[in-house]
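Bear in mind these aren't lab numbers, they're just calculated from the coordinates by the rules spelled out. All values reported here derive from a predicted model rather than from experimental measurement. Cβ placement follows ideal geometry from the backbone for every residue including glycine, while neighbour counts extend to all protein chains displayed.
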Amino acid sequence: MKDWSIKEISSLLREKKTSSVEITTDYLQQIKKKNPEINAFITVDESRSLAQAKLADQRIQSGEGDVFTGIPIAQKDIFCAENWLTTCGSKMLHNFVAPYDATVVKKFNEVGAVNLGKTNMDEFAMGSSNETSYFGAVKNPWDLSRVPGGSSGGSAAAIAARMCPGATATDTGGSIRQPASLCGLTGLKPTYGLVSRYGMIAFASSLDQAGPMAKSSEDCAMMMNVMAGFDTKDSTSIDHKKEDYTKNIDQSIEGLKIGLPKEYFAEGLDGDVAKVIEAAIDQYKKLGATIVDISLPNTNLSIPVYYVLAPAEASSNLSRYDGVRFGHRTSQYDDLMDMYCKTRQEGFGEEVKRRILIGTYVLSAGYYDAYYLKAQQIRHLISEDFKKAFQSCDVIMGPTAPSTAFKANEKIDDPVTMYLQDIYTIATNLAGLPGMSIPAGFVNKLPVGIQIIGNYFDEARMLNVAHEFQKATDWHKAIPEGALS
Amino acid sequence: MSITHDEIKKIAHLARIKITEEEADAALKKLSGILNLIEDMKKVDTSNISPMAHAQSVSQRLRDDVVTETNQREKLQKIAPEVSGGLYIVPQVIE
């Protein structure tokens, strides 16, 4: 097994030095070898992947191929893929074979990409450790006793263990960036509305956003070229002009103004992680960037605001799982009410139920103004903080997560501690801003990610800023011990 | 802000989730912790601040009122727990 990047596979395929069938076979073998201990995939279907690879090879042979034709990637199991089991990590959907493709999946199919399988995730994307999946916890390839982060932990672990060169992921409060940080990967959560949510199973609709995860910024840019785009089937999709995210990725960043929010370096941040981030900032100075001290004063409020808004939206979105039209239905019931209540008792895991209850509570009569309305007002303040900050800088940087990967079972019984994992990532979802995590170094052999937050629709610049760092450093090239053996 | 055992049973019913006495007790402690976290919002004066529902201030798009979808009843009902004669089957609601 070779450690290919998406860009390298694309060149090799175009130069006809290899075929999609050959590359896909390599990855399927790697999945067979590594997945039993990592548990990054929920569904793998070799014959379907290989059939897609054969078609891609025909397209390349006839000269019709796109730069992405024949490239195998994995899809987070939150995206509906026609005739593929699509579980969202839940017992509720353990038998749900999607009858249609999500727009993201359709776009990858159209360019001739190969689907290697569906990756494991926290149930309904609710979690920061990948321990809430009905299909079992995912292990971090850097240390099997630790979590890969969540909720896109399956996608992250699959790439880190070299079972795929890239994967789709989603981010509601940090679910792309935090696992990318904990697994030593590059992940981008785009501006809200840039990538279609159609066919992406809803958690908190005003915060959910899909994005790419891969080993480098260049590979994420190539994936973004496929994923981004206006979609009439998503009511909050934004009609933004089509961009080529690879075009200016090589530009110098001389003169770039980097804002460092003092709140992101305050109490709660691990001291060794802070040192890694400071060293990365020094590297940026060497690349010609200047540093601006900024403040995001409402950072600490982002967690309470999120844990009102996200559960409120979730309680409403998840009301569709009633055992009538698809998914799990309880086997024994007295009447319709009993069927609903037992189906949902059995189908949802503990964390999902907890969030539905919180959401139902904050939306219930008498509490709406005190919780939901108040949270939306503070969301406005958080968004204004960023607006002000971007008047004095081009991008904002800081840690992605307060620590490196923590031990399995360490935080699962204490939801509040688990929620604090997302302290640096949640505010960008609330504001709808794009955020990225790239590898910046190691603490005790565990990866640390630095976060890059951009202004609305500034993904091309962020990818450029990340790529320039990756040209000067090797952190993103590190491979977990034994991954290729 | 504290929540009671009975309130948990009430919201579980509103959310259509069956909950045992033991589960309600277990939920009580954890939900109280989360509600305490949320209480931090109370410290902020939000008078005269407009609520923000969405990240981008765009209005809902409209489309022409024409049929765009085809009938896929059979395909969509294939994954249902129980159907009969093209209808979804649930326990009898009206005597």
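Quick notes on this one:
- Partner shielding of A:305-316 amounts to 2, given as the average count of beta-carbon atoms from other chains within 10 Å of each residue beta-carbon.
- Principal-axis analysis of the Cα atoms of chain B puts helix B:21-38 at an angle of about 70° to the longest axis.
- The protein assembly as shown, dipole about Cα centre (Lys/Arg Cβ +1, Asp/Glu Cβ -1), debye to the nearest 20: 740 debye
- The Cα atoms of region A:306-397 define a convex hull whose projected area, averaged across directions, is 8.7 nm².
- Considering only alpha-carbon pairs that sit under 8 angstrom and 6 or more positions apart, the relative contact order computed for chain A is 18 percent.
- Computed Kirkwood radius, in angstrom, where 1/r is averaged over Cα pairs of region A:329-453: 18.2 Å
- Ranked by the mean number of other Cβ atoms within 10 Å of their residues, highest first, the peptides A:68-74, B:3-9 come out as A:68-74, B:3-9.
- Shielding score for A:328-336, defined as the mean number of other chain Cβ atoms within 10 Å: 2
- Chain B: most fluctuating residue of B:VAL44, B:VAL83, B:VAL67 per GNM, C-alpha cutoff 10 Å: B:VAL83
- In a reduced charge model with +1 at each Lys and Arg Cβ and -1 at each Asp and Glu Cβ, region A:6-256 shows a dipole moment near 320 debye about its Cα centre.
- Stretched out straight at 0.36 nm per residue, the stretch from A:LYS477 to A:LYS257 would grow longer than its current Cα-Cα span by 76.6 nm.
- Square roots of five times the Cα gyration tensor eigenvalues for region A:1-136, Å: 28, 17, 12
- Here the average projected area of the convex hull drawn through the C-alpha atoms of region A:68-178 stands at 6.4 nm².
- Shown here is the pair-distance distribution of the protein assembly as shown: with all Cα-Cα distances grouped in 20 Å bins from zero up to the longest one, the shares run 22, 57, 21, 1 percent.
- The helix-only estimate of mean residue ellipticity at 222 nm for chain A, built from DSSP H runs of length n ≥ 4 each weighted as -39500 (n - 2.57), is -11500 deg cm²/dmol after division by the residue total.
- In loop segments of region A:3-100 as defined by DSSP, the trypsin sites (Lys or Arg not before Pro) with at most 12 further C-beta atoms inside 10 Å of their C-beta are A:LYS16, A:LYS17.
- Separation of alpha-carbon centers, region A:118-183 and region A:1-45, rounded to whole Å: 19 Å
- Here the alpha carbons of region A:213-268 define both size measures, Rg and Dmax, at 16.3, 44 Å.
- Restricting region A:1-94 to GluC sites (Glu not before Pro) that sit in a DSSP loop and have at most 16 other Cβ atoms within 10 Å of their own Cβ leaves A:GLU15, A:GLU64, A:GLU82.
- The packing ranking of peptides A:301-311, A:165-175, highest mean first, is A:165-175, A:301-311, where packing means the average number of other beta carbon atoms within 10 angstrom of each residue.
- Panel note: the C-alpha atoms of region A:128-286, placed on their principal axes, show extents of 46, 46, 31 Å (largest first).
- A:GLN332 paired with B:VAL67, simple spin-label distance in nm, labels 7 Å along Cα-to-beta-carbon: 4.6 nm
- When the convex hull of its Cα atoms is viewed from all sides, chain B shows a mean projected area of 13.3 nm².
- For region A:6-256, the spread of Cα positions along the three principal axes, ordered from largest to smallest, is 44, 43, 40 Å.
- Listed peptides B:20-30, A:342-352 by packing density, highest first (mean Cβ within 10 Å): A:342-352, B:20-30
- Antiparallel DSSP beta bridges within region A:6-256, percent to nearest 5: 75 percent
- Across peptide A:42-48, the mean count of Cβ atoms from other chains lying within 10 Å of each residue's own Cβ comes to 0.
- The residue list A:SER295, A:PHE230, A:SER315 was ranked by how far each Cα lies along the charge dipole of the protein assembly as shown toward its positive end, using unit charges on Cβ atoms, and A:PHE230 comes out on top.
- Electrostatic dipole magnitude of region A:96-162 [Cβ: Lys, Arg +1; Asp, Glu -1; Cα centre; debye, to 20]: 200 debye
- Region A:148-214: relative contact order in percent, alpha carbon pairs under 8 Å with at least 6 residues between: 38 percent
- Where both bridge residues fall in the protein assembly as shown, DSSP classifies roughly 75% of the beta bridges as antiparallel.
- Length released on extending from A:GLN391 to A:LYS54, taking residue separation times 0.36 nm less the Cα-Cα span: 116.2 nm
- Sequence-separation-based contact order of region A:300-378, relative, with Cα cut under 8 Å and 6+ spacing, percent: 45 percent
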